[in-house]
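All remarks here apply to the structure that follows.
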Amino acid sequence: MSQKFDVIVIGGGHAGTEAAAAAARMGAATALVTIAVDKIGEMSCNPAIGGLGKGQLVREIDALDGLMGQAIDKAGIQFRMLNKSRGPAVQGPRAQADRKLYRNAVQELLASQDNLQIIEGAVGDLSTENGQITGIITEDGRHIYAPSVVLTTGTFLGGLIHLGTERTPAGRFGERPSLQLAKRLRGLGLPVGRLKTGTPARLNGRTIDWDRLVMQPADDILVPFSSLTQRIEVPQISCGITRTNEKTHQIISDSIHLSAVYSGQIEGQGPRYCPSIEDKIHRFADKSSHQIFLEPEGLDDSTVYPNGISTSLPRDVQSALIATIEGLEKTEILQFGYAIEYDFIDPRALAPTLELKALKGLFLAGQINGTTGYEEAAAQGLIAGINASLHCNPSAKAADGFILDRADAYIGVMVDDLVTKGAPEPYRMFTSRAEYRLHLRADNADQRLTDKGLEIGCIGPVRSRHWTDKKTALSAARRLLSSQPKGPNVVAAAGLPTPRDGSMRTPADLLALEGVGLTQLFEIWPELATIPEPLHNQLETDCRYAGYLERQQADIDAMRRDDAVKIPAHLNISAIGGLSSESKDLLARYQPQTIGQASRIPGMTPAAVVALLRHLRKISSAGDGQPRPISASFSL
Amino acid sequence: MSFSNADTIFALATPPGVSAIAVIRISGVSALRVPHLFGVEASVPRTAKRVFLKDDRGIILDDVMLLGFAAPASATGEDVLEIHCHGSVAVIEDILGVLAKTEGFRPAEAGEFTRRALDNGKMDITAAEGLADLIEAETTLQRRQASAQMTGQLSRPVGFWREEIARLLAHLEALIDFADEELPEALRQEIEADTAKLCAALETALDDQRFGEIIRNGLSVVIAGPVNAGKSTLMNLLAGRNAAIVSDTEGTTRDVIEVRLTLSGIPVRLADTAGFRETADNIEAEGILRAQTEINTADLVLLVIDGSQPGWAETADKMCQEFGSPYLIIASKSDKGLVAADLDEDGYFSADLTQSKTAQKIEAALHSYLAPLNQANQTPIITRARHRDAFAAALVRLQHSQTLSWEGDIALIAEDYRRAASALGRITGHIDVEELLDHIFSRFCIGK
Ligand SMILES: Cc1cc2nc3c(=O)[nH]c(=O)nc-3n(C[C@H](O)[C@H](O)[C@H](O)COP(=O)(O)OP(=O)(O)OC[C@H]3O[C@@H](n4cnc5c(N)ncnc54)[C@H](O)[C@@H]3O)c2cc1C
Ligand SMILES: Nc1nc2c(ncn2[C@@H]2O[C@H](COP(=O)(O)OP(=O)(O)O)[C@@H](O)[C@H]2O)c(=O)[nH]1
Ligand SMILES: [Mg+2]
């Protein structure tokens, strides 16, 4: 038996589900092939979605009609807006999830998606022809054909679990790894590396002494992730906060040599921002206590995830250290913590469409690209799914594929970071990675992206209608805000701050001032009361940031100019004049595709970028005006 | 001719013309094979060797000293050979001729040795600027300043400030991205205190009367004044030669004429402008416009005015109001009888510009402007407008950040630091996120 599709997605994790849904929304006949259909949408580690930087990613996925925002809105059991007091640009929505509700929500969304067929099976091989992918072969011998394949196998490739000195091949706890496929990918000559991550023990919540712990409740006002969600209906829970103490630390220091991470048994690089408890104690010896959040994994599930004590120490040490912690003295451990090591493909092998440069039609997304986190995986899945469907549709409008840049979205920042710099450690999103952070906000993701999505065709009819309405309301509101300027007397009479220059102010001018909100302006401009309440926050923020955003626009233009200067694929690097061997080496290793990318390579000097540009200008004698001067102005 | 680092480049390193000794410098992969081209079997790295260079017929060209440096321990970071030969034009031509016709060798482009050094990490940009200045230096002060910059006068403090901004920005980013972590309580106070220190350091560096740029570019002195007042005569007097055309016909000096000279050890760019045509008692607007840009960017304006004309002092006073720069009033034609003026004694001095000994008098007066430059005991950090712009931009942002409320929007405070970092980065290379994350993860225990 053989089957034929436009797009095959391998893996039903967070990357795979978004990829499959996106390709199907684009109209491609799509197959999602995954090892266990009932595990689709499984959260491998901490049951939470969103956070700082990550929350923005989820909003962006939602703006492109992805699944994650809608799924967490049906499964979130503790919604909180992080950084509420630190400014609208860096606020990130986060919600803890009921693991089962989340899985169900993802599976339901997929079930209602047209053009999508879900197939259970472990993929063991890829079929190729003339440097082009043609399909996949399952371990049990089924050959399925498609001109585009998206590979999203997460931590499963060559996965190896470490618990103390014990080692078990696995993709996740209790799930088999993908060894055959791992071998096949190494055979393709792809740049494969090893990374590691870890997870804490899971506790039985019924055996935790909650009464002695500080509890953290959900927000009073629950702000959904998806703009399609009217209200969060899921009941909200609190989580507990406890701490490690000196006794805990003593036990860990005494046994640190038994930790898989410290015994030198693990070759993969782990993330610095997600350290194991043994890491924290080793590196910050002067800190006598570390915070732990006790997060219930579900409404009708007594499992508790102790956030903050990920470990790969042996079982008996884990039991002993947990028993020293306040509230956990008598706690039963349901599953021990572990570290997992897995294969990843150096993402510098990818184009910004997430297609492998060396094998046309094969797209990679998720943890396989060296990232960590559900949101990062999902965002890549979305991009890969869209591009996979564009790839098999030669009449598609976007010939170069669907690429978001660093000023469009966090998604653009992430993809550019990955394909330019690779992943020397597991890559996670932070707001500090975004140069244009004031512009890339969680509150304006739809304004940044939904029109782009409509243009490429990845937005379904429901969102399309919803967005058109919102857009109309927004532009009406903006018109109101920038008209009817009033003099200082009127402004002062309403008790609002009145700048002394005596000039006339529009509502937008006044909103730029600290401490002025939209409702305060109703007295002067009663018509502003017609602006729908859900739009208030983002309109206020837009006005407040207007000056900064204008200044940032010049930088964005310069960045886009640099990104528009393409570097030919087969550039003879040794022929570039005035370039140090170090810079040549960097160019050879990173193979930047644009001048913008070249300038973002760590260690690349402005002088070297200028030399490269000078060379490009020389070889493009065609005189089409390209390449133009770069932003990194430099002169000697 | 290809412009590639694969070639071995050579150039005469000493001034052209007859001299006792001349040095030819060769840099690149084949530099150390050069002795073979002249029939000499010598291994030269790290030694000085006296040898006889021969041409391809075996005839001796010169008795020379070879100095070899193997990569990367050389000025350019490549293999380098120096030939110290006799400074005869014929000898030099012969040696260069042999090199030029050898495959893989070519004459160096202007500044190419420096650029190779820069490319090979032998110097940072500021040091390279220093080297370029050293080569151009015409005065002792310029030379002193250029060598200071070459040896880190600029890069050391800038490197330190860059580190500081990166560290402070990293702290701010930690407060934003790791808000739910247990960060030190005193972090905000630390950031505020260190920012104040950093602002003070930048202010001090900027408050240098622009000495560095003046030393480097020369003090710009502009001669202004009404037509026929004697501006061109003054110019010639100071320059000691007929640089500008002197005539009795009004409006002879059409364009700005510039001469370079050294006064009190300070390089000076002296510019003569077209005069302001005076009609009745108001000054013709167009005349002012023409000279205005020169005048506004000058370090010093010499206002020449005919002191034998009644009302000169009032006219001078009115004109000076318009100047944005320091000025000195010279009442010329005192030999024709100076009209007494209601001006401060120190505010002007009178002169007969047709007398050559007047030159000393004027130079003495200028000296009081120039001497402080010469006496500045500290070599200034800033030597170029580009440094000043970068520091000033960084300072403005840091000062702005101090006006923002921490209770409000920290992202805006961080935005100021990001801008300050990118301004400084224009001199030192940009600050990458990875660098910030390194700071954060090495200082704070972060992560669940
Ligand atoms: C132990 C552990 C700890 C983690 N800790 C954290 C953390 O602290 N913070 C954090 O943000 N993230 C953490 N993560 C990462 C997070 O779980 C992943 O980043 C995210 O799930 C990656 O999504 P993905 O879609 O790339 O892969 P996954 O969610 O892993 O999905 C992979 C899918 O591919 C399928 N598959 C694999 N091989 C085949 C095959 N050959 N044929 C067909 N299907 C196949 C699997 O069945 C699975 O459905 C952790 C993960 C693990 C396992
Ligand atoms: N007697 C006398 N003549 C002067 C003096 N200074 C300039 N002149 C003459 O005034 C005329 C105009 O001088 P010039 O330098 O061309 O004036 P400019 O238009 O200001 O450049 C020339 O004939 C000069 O010789 C001075 O101090 N005394
Ligand atoms: Mg003249």
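The values are calculated or read from the model by the stated rules, or taken from the named source; none is laboratory data. Being a predicted model, the structure only gives us computed values, none of them experimental. Glycine gets a Cβ as well: all are built from the backbone with ideal geometry, and neighbour counts include every protein chain shown. The area values use the complete protein model at the heavy-atom level, side chains included, leaving out ligands, DNA and RNA. Shrake-Rupley method; radii C 1.70, N 1.55, O 1.52, S 1.80 Å.
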Open item on the list: Leaving out ligands, DNA and RNA, and with a 1.4 Å probe, what % of the accessible surface on region B:8-123 is carbon or sulfur?
Closed with: 60 percent
Open item on the list: Just want the answer: with Cβ charges of +1 for Lys and Arg and -1 for Asp and Glu, which residue in A:Ile531, A:Val490, A:Pro507 is farthest toward the dipole's positive end in region A:487-540?
Closed with: A:Val490
Open item on the list: Considering only C-alpha atoms, what is the centroid distance from region A:179-212 to region B:201-235, in Å?
Closed with: 68 Å
Task: For chain A: relative contact order, % (alpha-carbon pairs under 8 angstrom, 6 or more apart) - done: 16 percent
Task: Approximate spin-label separation B:Ala393-B:Met65, in nm, with each point projected 7 Å along Cα-to-Cβ - done: 4.7 nm
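So which trypsin sites (Lys or Arg not before Pro) in region B:336-415 pass both tests, a DSSP loop state and at most 15 other Cβ atoms within 10 Å of the Cβ?
B:Lys357
Given all pairs of different Cα atoms, what value in angstroms does the Kirkwood hydrodynamic radius of chain A take?
Value: 26.3 Å, from the Cα pair sum.
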TODO: Starting from the Cα gyration tensor of region A:388-539, multiply each eigenvalue by 5, take the square root, and state the resulting semi-axes largest first in whole Å.
DONE: 40, 21, 12
- [ ] Give a residue-ordered list of calculated ³J(HN,Hα) values for region B:6-11 (Karplus: 6.51 cos²θ - 1.76 cosθ + 1.60, θ = phi - 60°; whole Hz; x for Gly, Pro).
- [x] 6, 6, 8, 10, 9, 6
Open item on the list: Quick check: Cα centre of region A:379-435 to Cα centre of region B:125-152, how many Å?
Closed with: 46 Å
Task: Relative intensity, log₁₀ I(q)/I(0), of region A:123-204 from a Debye sum that treats every alpha carbon as a point, q = 0.11, 0.15, 0.25 Å⁻¹ - done: -0.38, -0.64, -1.31
- [ ] Taking amide H positions as placed in the peptide plane 1.01 Å from N, state which residues far from A:Ala122 in sequence (5 or more) or on other chains have amide H under 5 Å from it.
- [x] A:Glu139, A:Asp140
TODO: Between the alpha-carbon centers of region A:214-284 and region B:43-102, tell me the distance in whole angstrom.
DONE: 67 Å
Task: Fraction of accessible area attributable to carbon and sulfur, chain A (%, probe 1.4 Å) - done: 51 percent
TODO: Please compute how much accessible surface disappears when B pairs with A, both sides summed, using a 1.4 Å probe, and round it to the nearest 100 Å².
DONE: 4500 Å²
- [ ] Calculate, for chain A, the solvent-accessible area per residue in square angstrom, rolling a 1.4 angstrom probe over the heavy atoms of the protein chains.
- [x] 38 Å²
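One-quarter of the Cα convex hull surface for region B:293-349, in nm²?
For the Cα atoms of region B:293-349, the hull's average projected area reads 3.8 nm².
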Task: Descending semi-axes in whole angstrom, ellipsoid equivalent of chain B, from the Cα gyration tensor - done: 48, 42, 16
Open item on the list: In whole Hz and in residue order, list the ³J(HN,Hα) couplings for region B:307-320 that follow from phi through the Karplus curve 6.51 cos²θ - 1.76 cosθ + 1.60, θ = phi - 60°; x for Gly and Pro.
Closed with: x, 8, 9, x, x, 4, 5, 5, 4, 4, 4, 5, 5, 5
Open item on the list: Could you work out the pair-distance distribution P(r) of region A:1-71 from its alpha-carbon pairs, with 5 angstrom bin width and percents rounded to whole numbers?
Closed with: 4, 15, 22, 24, 19, 10, 4, 2, 1, 0
Open item on the list: Can you compute the modelled spin-label distance between A:Ala512 and A:His143, with each label point 7 Å from Cα toward Cβ, in nm?
Closed with: 6.6 nm
Task: Amide H contacts of A:Glu326 (H built 1.01 Å from N, under 5 Å, at least 5 apart or other chain) - done: A:Arg243
Task: Protection proxy ranking, peptides B:314-325, A:44-55, average beta carbon neighbours within 10 Å, highest first - done: A:44-55, B:314-325
TODO: Name the residue farthest towards the positive end of the dipole of the protein assembly as shown from the options A:Met68, A:Gly198, A:Thr34, assuming +1 on Cβ of Lys and Arg, -1 on Cβ of Asp and Glu, about the Cα centre.
DONE: A:Thr34
Open item on the list: If you wrap a convex hull around the alpha carbons of the protein assembly as shown, what volume per residue comes out, as a whole number of Å³?
Closed with: 236 Å³
- [ ] With a point put 7 Å past each Cα toward its Cβ, work out how far B:Asp335 is from A:Ser475 in nm, to one decimal.
- [x] 8.0 nm
TODO: Find the relative contact order for chain B and round it to a whole percent, using C-alpha pairs within less than 8 Å whose residues are 6+ positions apart.
DONE: 13 percent
Task: Stretch gain in nm, segment B:Lys361-B:His400, where the contour uses 0.36 nm per residue and the Cα spacing is subtracted - done: 9.2 nm
TODO: May I ask you to find the residues of region B:149-188 that are shielded by at least 50 Å² of accessible area once the whole protein assembly is considered instead of their isolated chain (probe 1.4 Å)?
DONE: B:Ile176, B:Asp177, B:Glu182
TODO: Note every residue of region A:576-603 with a reduction of at least 20 square angstrom in accessible area, all protein chains present versus the isolated chain, computed with a 1.4 Å probe, or write none.
DONE: A:Gly577, A:Gly578, A:Ser580
Open item on the list: Among the listed pairs A:Lys584/B:Lys49; A:Lys584/B:Lys122; A:Lys39/A:Lys330; A:Lys100/A:Lys330; A:Lys196/A:Lys360; A:Lys74/A:Lys470, which have their C-alpha atoms separated by more than 25 angstrom in this model?
Closed with: A:Lys584/B:Lys49; A:Lys39/A:Lys330; A:Lys100/A:Lys330; A:Lys196/A:Lys360
Open item on the list: Could you give me D for region A:269-417, from Stokes-Einstein at 10 °C and 1.306 mPa s, where the hydrodynamic radius is the Kirkwood radius over C-alpha pairs? Units µm² s⁻¹, please.
Closed with: 85 µm²/s
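Which value results for Rg/Rh of region B:8-123 when Rg is the Cα radius of gyration and Rh the Kirkwood radius based on the inverse mean 1/r?
0.94
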Task: region A:482-587: GluC sites (Glu not before Pro) in DSSP coil with no more than 11 other Cβ atoms inside 10 Å - done: A:Glu514
Task: Placed amide H near A:Gln117: partners under 5 Å, 5+ positions off or other chain - done: A:Thr30, A:Ala31, A:Leu32
Open item on the list: Output wanted: per-residue J couplings in Hz (rounded whole) for region B:384-397, from phi through Karplus 6.51 cos²θ - 1.76 cosθ + 1.60, θ = phi - 60°, x for Gly and Pro.
Closed with: 9, 4, 5, 5, 4, 4, 5, 5, 5, 4, 4, 4, 4, 5
Task: Contour excess over end-to-end distance, with Cα ends at A:Ala285 and A:Val490 and 0.36 nm allotted per residue - done: 67.7 nm
Open item on the list: Counting other C-beta atoms within 10 Å, and keeping those with at most 12, which DSSP coil GluC sites (Glu not before Pro) do you find in region A:267-340?
Closed with: A:Glu267
- [ ] Compute the distribution of all C-alpha to C-alpha distances in region A:450-579, in bins of 10 Å from 0, and list the percent of pairs in each, rounded to whole numbers.
- [x] 10, 28, 25, 17, 10, 7, 3, 0
